[in-house]
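*Asks:* Starting off with a structure, shown below.
The values are calculated or read from the model by the stated rules, or taken from the named source; none is laboratory data. Just so we're clear, the structure is a prediction, and the values are computed from it rather than from any experiment. Cβ: placed from backbone, ideal geometry, glycine included. Neighbour counts: every protein chain shown. Accessible surface is based on the protein model in full, side chains and every heavy atom, while ligands, DNA and RNA are left aside. Shrake-Rupley method; radii C 1.70, N 1.55, O 1.52, S 1.80 Å.
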Amino acid sequence: MEGDFIKINKWLLPLSWLYGIGVKFRNTLFSTGILKTRSFDIPVISVGNITVGGSGKTPHVEYLIRLLKDTFHTAVLSRGYKRTSKGFVMATTKTTMPEIGDEPYQMKQKYPEIVVAVDKSRCHGIETLMEEDKKLDVILLDDAFQHRYVKPDINILLVDYHRLIIYDELLPAGRLREPLNGKDRADIVIVTKCPKDLKPMEYRVITKAMNLYPYQQLFFTSIDYGELHPLFPEAPQPKALSQLADHHVLLLTGIASPQQMTHDLEPIIPHLTPLAFGDHHVFKGKDVERINNMFAELPTPKLIITTEKDATRLNNLEGLSDEVRQDFYVLPINVCFLQEQAPIFNQQIISYVHKNSRNSILVKAKDDNKPQDSDSAGNRPRTISFRNN
């Protein structure tokens, strides 16, 4: 368990110490009120991490989308990493990937009924969303755990099972973006990418090692893979993953942590050839040539598998050979809760949003025929408090 994917450069620990001083100073400015943190009159749920690299943010945000969208008018607000646009952008089904970034684009394409927006300033983004859509019930903040200017109602911290933060170090020696006590801001901590056969003893060891406060809840999730579907119209519907044992498969990824996906697929697909690029990689001509050549060299039967996130950057890529386009498939990544924890998690999220959405508060105020009190910042009080401070 400890250190599966962890590499600590001990020679860089002095630099990590200096980095830590800067981060602690910034956090002190927030904790003392010198830098202001804002709350909003709408449930805001933040999903993020305190490490560099992937911990499964997008699949967990999509889990929340599926959980909430049929009952509540839901919005997702992201920074829009590597997008070409500036400022606040509200996505439509016709918005292009470069305008908003690959992850927001993926969510809007999969769930067109929800609101998706990007803004580097999360406070400005939330304000604009609330102004432009009065019917919003909840806003999901993608990758905003360290965006301290917003005070979320529910702060969800994701921790990679293969890179537990309790064994990691600060940048640049490790991959922590802030000291370990940053986890204390979380209401919910989710250990992600766990093996589905995680032993009871491992649950207990991790739970004790995480050393959470009583107000914090710990959950464990694993990865589920959906059904393969063609990236291009030329490709027919493929076989299920379980039927690819005799295929030679090129696994093409441009995500932060492809090791888990490779680890999961190798037992199912013995002839697996990984081709990994950096996270959010922008594919260019030399990449296309490399993909074409590697696929041409594979024995038949063969196909290419990529992620939904990568598919957003590959579906308009020019220069891919006809052979590649005819055998190019997308493998969705979902999350599932372990230890039968899903009903507990779901109920807590749904209950909080139901009791504290703007529409619920307005209806209750109207029924009670009395005004809602406000604090000095003009925020209505919550009907319940998720964190027991």
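*Asks:* Express in % the proportion of alpha carbon pairs of the chain at distances exceeding 42 Å. Could you put the intermediate results ahead of the total?
*Replies:* On the way: 10896 of 75466 pairs.
When all Cα pairs of the chain are counted, 14 percent exceed 42 Å.
*Asks:* Label residue 38 and residue 26 with points 7 Å out from Cα along Cα→Cβ: what is the distance between them in nm?
*Replies:* Simple spin-label model gives 1.9 nm for this pair.
*Asks:* Hey, if you drop one equal point scatterer on each alpha-carbon of the range 10-70 and run the Debye formula without solvent, what base-10 log of I(q)/I(0) do you get at q = 0.11, 0.16, 0.18, 0.21 Å⁻¹?
*Replies:* Taken in order of the listed q values, log10 I(q)/I(0) reads -0.48, -0.84, -0.93, -1.00.
*Asks:* Provide the gained length on full extension for the span residue 180 to residue 227, in nm with one decimal, where the gain is 0.36 nm per separating residue minus the Cα-Cα distance.
*Replies:* Once the chain is fully extended between residue 180 and residue 227, it gains 13.2 nm.
*Asks:* Okay, moving on. Report the label-to-label distance for residue 215 and residue 290 in nanometres (one decimal), using points 7 Å from each Cα along the Cα→Cβ vector.
*Replies:* Once both label points are built, they end up 4.7 nm from each other.
*Asks:* Calculate, axis by axis, the spread of Cα positions in the range 224-278 along the three principal axes, and write the results as whole Å, longest axis first.
*Replies:* Principal axes ranked by extent give 29, 24, 21 Å for the Cα atoms.
*Asks:* Structure shown: which of 120/355; 151/355; 108/196; 10/82 lie over 25 Å apart, alpha-carbon to alpha-carbon?
*Replies:* In this structure, 120/355; 108/196; 10/82 lie more than 25 Å apart at Cα.
*Asks:* Sticking with this one: Roughly speaking, to the nearest percent, how much of the chain's 1.4 Å accessible area is carbon and sulfur?
*Replies:* Here it works out to 53 percent.
*Asks:* I've got another one for you. Taking N as the number of residues in the range 219-325, what is its alpha-carbon radius of gyration divided by 2.2 N^0.38 Å? Provide the component values of the computation, followed by the final result.
*Replies:* On the way: Rg = 13.6 Å, N = 107, 2.2 N^0.38 = 13.0 Å.
The reported ratio for this selection is 1.05.
*Asks:* For the chain, what is the relative contact order in percent, using Cα pairs closer than 8 Å and at least 6 residues apart in sequence?
*Replies:* Worked out over the chain, it gives 19 percent.
*Asks:* Given the Cα-Cα distance of residue 8 and residue 84 and 0.36 nm per residue of separation, how much length would full extension add, in nm? Walk me through the numbers before you get to the answer.
*Replies:* Working: separation 76, 0.36 × 76 = 27.36 nm, distance 3.43 nm.
Result for the pair: 23.9 nm of gain on full extension.
*Asks:* If you don't mind, another one. Accessible area per residue of the chain at 1.4 Å probe, in Å²? Numbers along the way, then the final one.
*Replies:* Details: 18620 Å² over 389 residues.
With the other protein chains kept in place, the chain gives 48 Å² per residue.
*Asks:* What's the percent breakdown of Cα-Cα distances in the range 38-170 across 5 Å bins, shortest bin first?
*Replies:* For the range 38-170, the binned pair fractions read 2, 11, 22, 23, 22, 12, 6, 2, 1 percent.
*Asks:* If you don't mind, there's one more thing I want to ask. Thinking of the range 116-161 as a set of Cα atoms, what percent of all their pairs are more than 12 Å apart?
*Replies:* Percent of Cα pairs beyond 12 Å in the range 116-161: 64.
*Asks:* Here's something else I'd like to know. Nearest 500 deg cm²/dmol is fine: what mean residue ellipticity at 222 nm does the chain get from its DSSP H runs of n ≥ 4 alone, each adding -39,500 (n - 2.57), divided by its residue count?
*Replies:* Value at 222 nm, helices only, nearest 500: -9500 deg cm²/dmol.
*Asks:* When only DSSP loop residues count, what GluC sites (Glu not before Pro) in the range 265-341 have their Cβ near at most 13 other Cβ atoms within 10 Å? Spell out each step's value before the answer.
*Replies:* On the way: sites: 289, 297, 308, 318, 323, 340; in loops: 318, 340.
Of the GluC sites (Glu not before Pro), the ones in loops of the range 265-341 whose Cβ has at most 13 other Cβ atoms within 10 Å are 318, 340.
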